[in-house]
Amino acid sequence: MSKKYYERPVIIKQHSGMMNKFGSSPSLPPITEVEGIPVKELTEKYGSPLFTFSERKIRDNQRKMLRIFKTRYPKVQFAWSYKTNYLGAICSVFHQEGSWAEVVSEFEYDKAKGLGVDGQHIIFNGPDKTEEALEKAVKDKAKIHIDHFDELYSLMEITERLNLKADVAIRVNMDTGIYPKWDRFGFNYENGEAAQALKRIAMNDNLNLIGLHTHIGTYIMSAEPYRQAVIVLVELANMLSKQYDIALDYIDVGGGLPSNNTLKGQYLDAEQILPTYEQYADAITAPLFDLNLKPDELPTLILESGRALIDDAGYLLSTVIGNKRLSNGKRTIIIDAGVNYLFTSHWFNHKIAPAQHSGSFTENSAVYGPLCMNIDVLREDIVLPTMRKGDQVVILYVGAYSVTQWMQFITLRPNVVMIMEDGSVEVIRESEKLENITSSEKVPEKLNSFSLK
């Protein structure tokens with residue numbers, strides 16, 4: 001007979017009735033499988049922790065979002081935001097679904113080209129475009145979104161030197177009621193910068209003005225700011241048509257649509273308080289019909305949505321490595337995945353579910369990672385059942401900004417797999433080895449040897 005697991009008793013104050021006006025804290029039921037494959041089977045084969053993505057979910061998300069917008073506006077084009085998740089397999093799924101590439105650095109630009117995206121289908125955003133990167137983009141006929149006047153002047157010089165035309169747009173920032181304003185990017189509408197930039201571009205023979213762009217922020221929890229932003233872009237587009245006889249190819253409203261991750265400090269889950277994607281689509285598309293154009297002349301609506309399309313397609317599988325009680329008696333669970341893998345846990349209360357049936361007793365707990373840092377806290381307070389060493393958990397909504405913002409700190413980064421539509425599992429990024437880190441290091445000759453006593 002095996003020895004029974006023992007845990008010393010503690011006194012827990014019980015509350016009658018609801019704990020607050022929102023009700024008692026919920027706990028998630030066990031998630032024993034991801035896309036029909038047992039969590040235990042995945043971690044036994046590919047290790048723990050393990051990032052897992054669902055090909056089916058990514059495709060479903062993209063197709064659903066395209067349908068929502070195309071039913072409200074006839075011409076819609078998505079561009080996958082590389083900074084959200086630039087793993088080659090992830091990007092390729094979106095490209096197979098018809099998305100262009102939206103990049104914000106030369107590194108991301110080169111990655112898109114390496115995956116086979118031609119320049120005409122790359123949108124080049126961001127405030128830091130090197131001279132070399134701008135030359136590439138001009139030669140490739142990429143869509144260059146100008147961020148500031150110095151970049152505009154550089155582009156004028158480059159196109160004159162190369163004797164080539166560049167397809168350009170400008171990024172416009174404006175007051176949409178979102179604070180703090182994202183006015184460090186692009187040209188301001190209210191102070192006249194945007195109109196001045198457009199005039200300078202219109203006067204230059206080497207710059208072909210084809211679009212207007214805005215990105216008002218991230219995780220925008222209301223549809224109204226998008227409406228206000230598009231109203232401004234429509235006003236500028238009508239001005240260009242009237243004063244310069246310029247008909248735009250597209251209006252790009254960027255990204256920022258939220259996923260169902262819940263921000264820290266929110267009482268209710270994101271699903272209960274966020275607008276639907278249909279409401280966002282209504283707000284974005286309605287002002288476009290105020291363009292002074294015939295229906296067949298309407299510009300394409302470009303969307304650079306990232307988080308909303310990938311967050312719920314990503315899972316982080318992790319294993320319990322220990323339990324503790326804090327000095328105040330609170331249970332803490334230590335798992336083998338920390339904030340170095342899940343930087344987004346600094347601002348999201350990621351949902352965490354047990355990966356096995358662990359009984360009906362639950363308790364408010366803290367979930368810590370394995371790092372020797374006090375900041376390694378994945379959840380400060382969450383209702384979980386009793387967890388033993390070797391038990392596993394599934395962390396939800398980790399598809400966005402996890403594998404682009406993760407850090408090689410204290411531990412090496414783990415395998416990333418994708419569960420394909422046919423049920424097979426493919427490794428889409430191999431776990432790091434020590435040589436991956438040391439191969440870039442250089443040790444001076446005089447430091448190559450030492451003797452310890």
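Here are some notes:
- Of all the numbered requirements in (1) closer than 27 Å to Ile58 by Cα; (2) at pLDDT 95 or above, Pro370 misses one, and that requirement is (1).
- Lys141 vs. criteria closer than 25 Å to Arg59 by Cβ and either among the charged types (D, E, K, R) or modelled with pLDDT of 95 or more (or both): no
- Of the residues making up region 277-320, those that are farther than 30 Å from Glu35 by Cβ and acidic (Asp, Glu) are Asp282, Asp290, Asp296, Glu297.
- On inspection, Lys324 qualifies as surrounded by fewer than 20 Cβ atoms within 10 Å (Cβ to Cβ), of a type in the set (D, E, K, R), more than 30 Å from Lys75 (Cα to Cα) and without any contact (Cβ under 8 Å) to a residue 24 or more places away in the chain.
- Flag for Val232 being among the β-branched types (Val, Ile, Thr) and outside any helix (DSSP H, G or I): no
- Residue within region 56-76 that is crowded, with 21+ Cβ neighbours inside 10 Å, assigned by TED's automatic domain parsing to the domain that holds Lys294 and touching an Asp or Glu at 6+ places or on another chain (Cβ under 8 Å) present: no
- Test: residue in region 247-258 that is without any contact (Cβ under 8 Å) to a residue 60 or more places away in the chain, touching a His at 6+ places or on another chain (Cβ under 7 Å) and more than 29 Å from Met387 (Cβ to Cβ): yes
- Answer residue from region 116-166, given it is free of Cβ contacts under 8 Å to residues at least 12 places away in the same chain and among the acidic types (Asp, Glu) and is surrounded by the fewest Cβ atoms within 10 Å (Cβ to Cβ) among those: Asp150
- Taking the numbered list (1) of a type outside the set (A, V, I, L, M, F, W, C); (2) touching a residue at least 24 places away in the same chain (Cβ under 8 Å); (3) within 19 Å of Met239 (Cα to Cα) in turn, Tyr280 passes all entries but (3).
- Restricting Ile419, Ile428, Ile410 to those that are out of contact with any Leu (no Cβ under 7 Å at 6 or more places or on another chain), surrounded by 10 or more Cβ atoms within 10 Å (Cβ to Cβ) and in contact (Cβ under 8 Å) with a residue 40 or more places away in the chain reduces the list to Ile419.
- Subset tally (residues that are touching a Leu at 6+ places or on another chain (Cβ under 8 Å) and under 15 Å from Gln96 (Cα atoms)) for region 37-64: 3
- Lone unmet requirement of (1) in a loop (DSSP other than H, G, I, E, B); (2) closer than 25 Å to Leu293 by Cα for Ile216: (2)
- Within region 52-89, the set of residues being farther than 21 Å from Ala281 by Cα, part of a loop (DSSP other than H, G, I, E, B) and basic (Lys, Arg) is empty.
- Condition check for Glu102: crowded, with 24+ Cβ neighbours inside 10 Å and under 19 Å from the mean Cα position of the chain (by Cα): yes
- Any hit, region 323-341, residues being on the phi < 0 side of the Ramachandran plot, in contact with a His (Cβ under 8 Å, 6 or more places away or on another chain) and at pLDDT 95 or above: yes
- Residue in region 333-346 that is of a type in the set (Asp, Glu), assigned by TED's automatic domain parsing to the domain that holds His121 and over 18 Å from the mean Cα position of the chain (by Cα) present: no
- When Cys372 is tested against (1) within 30 Å of Tyr277 (Cβ to Cβ); (2) exposed (fewer than 15 other Cβ atoms within 10 Å of the Cβ), exactly one condition is not met: (1).
- From Lys136, Lys111, Lys129, Lys143, residue being closer than 27 Å to Val398 by Cα and of a type in the set (Lys, Arg): Lys111
The values are calculated or read from the model by the stated rules, or taken from the named source; none is laboratory data. The structure presented is a predicted model; accordingly, all values stated were derived computationally and were not measured. We place every Cβ from the backbone using ideal geometry, glycine too, and count neighbours over all the protein chains shown.
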